[in-house]
Every structure is written in C-alpha cells, then in structure tokens.
Ligand SMILES: [Zn+2]
C-alpha cells in the first residue's frame, strides 16, 4: 500500500460554522489516528460568491481550533488548466456534450422527471444534438455548458459510515454539468481531478454529498482512473432544531463569531468532540488529546441537533 491521503476542502462561499467544523474535526482525528496525510484544498471556483476575506478567515478558524494540515494549501482557482484537460478528454471520446438549455428550460421540460428530493433531472435534451461546441454556440447564440453523459449502470459502493449504497445515476440524477457556460469547471469534475492528482485515498465529508459520490465514481471510471476511487465516509450532518441542515436561519454559529466574542476554542472543541462521539468534557484544551479517542463505530448515526 502507498501513502494514505485525505483532504479538508472548505469553500470560501460562506464562513465556517459549527457543522463544517465538526466534519473537519472528525476527518482530522481519523487522519491523525491512521497516519493519513492531510491536504488543505480551498474550493474557490464559484466565481462571484467567493469572498477573499473568507479565505483568510477560514484559515484563522482552522488554526484557532488546532486543525493543522500537511504542505501548502491548494487553490482550485489555480488549477483551471487541469480541469480543462479532463473536460477536453471527455468531450473527445463522446462522454460529454455541449448543452444550451437554460435552468428554466430544464425545469419546465415536460419530459423532465423529478428526483426524490424534488430537484429536476435533466431530460437529455442536448444529448447527441450538436457535433461540436461551436455548433451549439451558433445554435443558441450563447456559450454552451458541458454535461457528462451518464452511462446506464447502477453504481454500488460501501460507504465507511453510511454502509452499502447504490444509485442509478442516469435515472435518479441525470446527465450533470461538468463545465458551466462561462467555462468554469463544475464541482463534481473539479473534485475528481483534484482528488486523483493529489492521490487522495480517503474522503470524509457530510452526508449532504452522498449523492455526489456515484457521480464522482463514474467520472473516475470515464477518465480511466477507476483504480484511484477513494474510500468514502459520509457523516450525518449537524442540523438545527427544525432538523434542517445548520444554516444562517438557525442563528449565528460561525466560528469567527465565537472567536471574536471571546468564547475559548477549548469550549468549541469540547462541543465538537461530543458531537463526534467522544466524551472529553466541556473543555478540550489540546486537540491532540482527542487522537486515539475517536471510534467510528461510536459516531452518532443520526443527525446531530444543535440548539
Ligand atoms: Zn441541454
């Protein structure tokens, strides 16, 4: 076996809150217990929603809690060439195609079935419709997005937390965007290219990303990298009293707010440890004292309610 590698991958579209921090803590403890190398990847591709101040802030948040990492941070915004190469490759072999549909067109397409969560499954309108990107653009008069042609197969995997999983991606999720019309690589594509290039072997993240996994596995396969598919661990999320994912409507749970109002990091770590199944008392003064005390089998299997 080669080196084991994981990554913390915050996105500076919003401040780090207790929910993200708890996922990062579990990931960090697992890595330090098992000797995995930890990469820090800043997911800053999302154009205007990225706020530079938040990059600085989230670095401060991580170091405040003692969540360290190995090597220099990797910025997705500096890796556009790598994403373009992968997208080109998929286009060239016919596993991706230009799509000129607007969001509205996709949503109102009569044939569009609806996924279980109410989101729209792309009906495949542009599959086989245009021979080239130029042809698509000439047709619609605007730049085309690029979609991945999802193969007709059920994807199965064993999640380290959520257990046996299967997904018929074509039916449940549909052909998904891998490059936006402005040329920016979409989330699923960028993550796969980065994880593969970084040699990532273990992905620990919130279970809101569970349905990203079969899409990412298909991308690995289509890019000829099936042997690089990592082991996945999807953690139950921290939710508000209304059982919805922790967010602004539940009040201000940003780490920066606690930090600035004088709440000690030890108190936050105590709370996050409790939410991770570690009974370490109200204050944890040294994050390293948690190493060796985490047991995946004791991780709460249902959402954590923050009130
Ligand atoms: Zn389309």
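The values are calculated or read from the model by the stated rules, or taken from the named source; none is laboratory data. It should be emphasised that the depicted structure is a prediction, and the values quoted were computed from it without experimental measurement. Neighbour counts run over all protein chains shown; Cβ positions are idealised from the backbone, glycine included.
A few notes on this one:
- Strands (runs of 3 or more DSSP E) within the stretch 143-259 that include 2 or more residues modelled with pLDDT under 95, assigned by TED's automatic domain parsing to the domain that holds residue 73 and within 16 Å of the ligand (Cβ to nearest atom): none
- Within the option set 74, 50, 87, being within 28 Å of residue 143 (Cβ to Cβ), in the same structural domain as residue 228 (by TED's automatic domain parsing) and at pLDDT 95 or above holds for one residue only, 74.
The rows are residues; the columns are (1) under 24 Å from the mean Cα position of the chain (by Cα); (2) more than 22 Å from residue 301 (Cα to Cα).
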| position | (1), (2) |
| --- | --- |
| 249 | yes, yes |
| 254 | yes, yes |
| 263 | no, yes |
| 273 | yes, no |
| 284 | no, yes |
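- Yes/no for residue 35 being more than 18 Å from the chain's Cα centre (by Cα) and on the phi > 0 side of the Ramachandran plot: yes
Listed here are the residues, each with its yes/no results for (1) buried (at least 21 other Cβ atoms within 10 Å of the Cβ); (2) farther than 22 Å from residue 188 by Cα.
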residue: 2; (1), (2): no, yes
residue: 17; (1), (2): yes, yes
residue: 29; (1), (2): yes, yes
residue: 38; (1), (2): no, no
residue: 43; (1), (2): no, no
residue: 71; (1), (2): no, yes
residue: 81; (1), (2): no, no
residue: 84; (1), (2): no, no
residue: 92; (1), (2): no, no
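- Evaluation of residue 70 against (1) part of a loop (DSSP other than H, G, I, E, B); (2) over 20 Å from the mean Cα position of the chain (by Cα) (one fails), failing number: (2)
- Flag for residue 210 being in contact (Cβ under 8 Å) with a residue 60 or more places away in the chain and in contact with a strand residue (DSSP E or B) (Cβ under 9 Å, 6 or more places away or on another chain): no
- Scanning the stretch 1-20 for residues that are at pLDDT 95 or above and not in a loop (DSSP other than H, G, I, E, B) yields a count of 4.
- Any hit, the stretch 120-131, residues being within 16 Å of the ligand (Cβ to nearest atom) and not in a loop (DSSP other than H, G, I, E, B): yes
- Filter result (touching a strand residue (DSSP E or B) at 6+ places or on another chain (Cβ under 7 Å) and in a loop (DSSP other than H, G, I, E, B)) within the stretch 44-66: 44, 45
- Test set (1) surrounded by 15 or more Cβ atoms within 10 Å (Cβ to Cβ); (2) in contact (Cβ under 8 Å) with a residue 40 or more places away in the chain; (3) more than 25 Å from residue 14 (Cβ to Cβ) - residue 277 fails condition number: (2)
- Residue in the stretch 94-112 that is at pLDDT 95 or above and either closer than 30 Å to residue 264 by Cα or loosely packed, with under 14 Cβ neighbours inside 10 Å (or both) present: yes
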